[in-house]
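Each reported figure results from applying straightforward, stated rules to the coordinates on display, with no laboratory input. Since the model is a prediction, treat every value here as computed from it, not as a measurement. Neighbour counts run over all protein chains shown; Cβ positions are idealised from the backbone, glycine included.
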Amino acid sequence: MKYLLLIHSNPITWGHPSFLNTEEGKKLPKKARDALADQLNNLLTEIHESGELINAVPLDPPAKTRVVRVREGVRATTDGPYSEAKEQLAGVFLIDVKTPERAEEIAATIPEAEFVAVEVRPVSVFD
């Protein structure tokens, strides 16, 4: 069963990699940020070695986002994220696991689950 884990984050909480060189990315002490990074790296190693990880990608910050809408055949492109919120979609994991419970178990060990949320969404297959 394939699942997409959508990692929601507030970059100020622990310094999303795209924010590490800014004041916002330094809200947590370096020791705490390092512990969270170690937690994430350990998880990635575990699910890579078990064969459950298909891909994991961080996303650039919302400031680099472009939103495209087409209305009555006319394309409009704007800057910024789709929704205005402190939280952002920070990255995604695509995993292949045996049970929904295992997907939830992996999601619970992603550091952002302690601060904001990790959404677990089954991946559909086109027929």
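Data table
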quantity	calculated
Length released on extending from residue 101 to residue 41, taking residue separation times 0.36 nm less the Cα-Cα span	19.5 nm
Cα gyration tensor shape of the stretch 68-127, rounded if a/c is under 1.5, else prolate or oblate by comparing a/b with b/c	oblate
Highest-first arrangement of 55-67, 97-109, where packing means the average Cβ count within 10 Å	97-109, 55-67
15 Å Cα-Cα reach of residue 2 towards aspartates and glutamates, excluding residues that sit fewer than 8 places from it in its own chain	52, 96, 101, 104, 105, 119
